């Protein structure tokens, strides 16, 4: 009775041990998959700190600082160039170096601290700046903190290693199209040209001469109403829209009285950024 009980207990312990081993292996697979996903995106730079772990070899597992020359020093592996590699690529190099010292070494490289990963935002449409990437950051996450009021989203792009990465910034930022997002890397440059002149100007014989924020679809009548309409000195049929494009000046005559009275809606032309709407004074 006692002997059987003891044998049953031993069998139970063996099953538990096998379950623990299976769970441990499963965790390794999951961790490896997560690590591979992260490692495929981050590029190691000088100043970063790395956790290098060799399974079953405590004396070979260290935290290594990437020196200004881009190298790290590891016990058993010596000097290795780490800068410019992903953690996964460095992991393979460390494993190769340790193969003569450890049979089938199982090596994991992870980021302990990211100290030298930066992206740059430049261009006339944004305040230029340098941003530290302390963690995995996407284009959308970064731009959520950037003032894009004057930025031309249609002309924006990402430069990576001298190659232009085309992204539809309007769809990403205004429609939430995540297919246009991307994970940022060290030394990425995000360029935003400035929008053309963001205003139209209503001047001359109107109640409130002013600069109006341009909106797509804005017309002469829209601008005139926003400026309070004509004042009592206005020669209402003596208006011009002054437009400059590519260094060429164009003067478009507008009969404002006919427009305001609904007699000739063809006078209600579409405005463009930077247009000046000028109403001349009457001589009498």
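The values are calculated or read from the model by the stated rules, or taken from the named source; none is laboratory data. All figures in this text were calculated on a predicted structure; none of them were measured in a lab. Positions of Cβ are backbone-derived with ideal geometry, glycine not excepted, and every protein chain shown enters the neighbour counts.
Quick rundown of the values:
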quantity: Verdict on residue 163 being out of contact with any strand residue (DSSP E or B) (no Cβ under 6 Å at 6 or more places or on another chain) and surrounded by fewer than 16 Cβ atoms within 10 Å (Cβ to Cβ); calculated: yes
quantity: Residue within region 215-229 that is free of Cβ contacts under 8 Å to residues at least 12 places away in the same chain, surrounded by fewer than 14 Cβ atoms within 10 Å (Cβ to Cβ) and outside any loop (DSSP other than H, G, I, E, B) present; calculated: yes
quantity: One residue from 166, 170 being under 16 Å from the mean Cα position of the chain (by Cα), farther than 29 Å from residue 86 by Cα and not assigned by TED's automatic domain parsing to the domain that holds residue 236; calculated: 170
quantity: Complete set of residues in region 180-200 that are over 28 Å from residue 45 (Cβ atoms) and either modelled with pLDDT of 95 or more or in contact with a helix residue (DSSP H, G or I) (Cβ under 7 Å, 6 or more places away or on another chain) (or both); calculated: 193, 200
quantity: Matching residues in region 44-56 - criterion: being modelled with pLDDT under 90 and either surrounded by 18 or more Cβ atoms within 10 Å (Cβ to Cβ) or over 15 Å from residue 80 (Cβ atoms) (or both); calculated: 44, 45, 47, 48
quantity: Residues of region 141-169 satisfying the condition of being in contact with a helix residue (DSSP H, G or I) (Cβ under 6 Å, 6 or more places away or on another chain), modelled with pLDDT of 90 or more and assigned to a helix (DSSP H, G or I); calculated: 169
quantity: Residue 193 vs. criteria closer than 30 Å to residue 220 by Cβ and surrounded by 16 or more Cβ atoms within 10 Å (Cβ to Cβ); calculated: yes
quantity: Of all residues making up region 230-262, the number that are surrounded by 11 or more Cβ atoms within 10 Å (Cβ to Cβ) and either in contact (Cβ under 8 Å) with a residue 60 or more places away in the chain or part of a loop (DSSP other than H, G, I, E, B) (or both); calculated: 3
quantity: Enumerated strands (runs of 3 or more DSSP E) restricted to region 42-129, each holding at least 1 residues that are free of Cβ contacts under 8 Å to residues at least 24 places away in the same chain and more than 34 Å from the chain's Cα centre (by Cα); calculated: 71-74, 78-81
quantity: Count of region 267-284 residues which are outside any loop (DSSP other than H, G, I, E, B) and over 18 Å from residue 216 (Cα atoms); calculated: 4
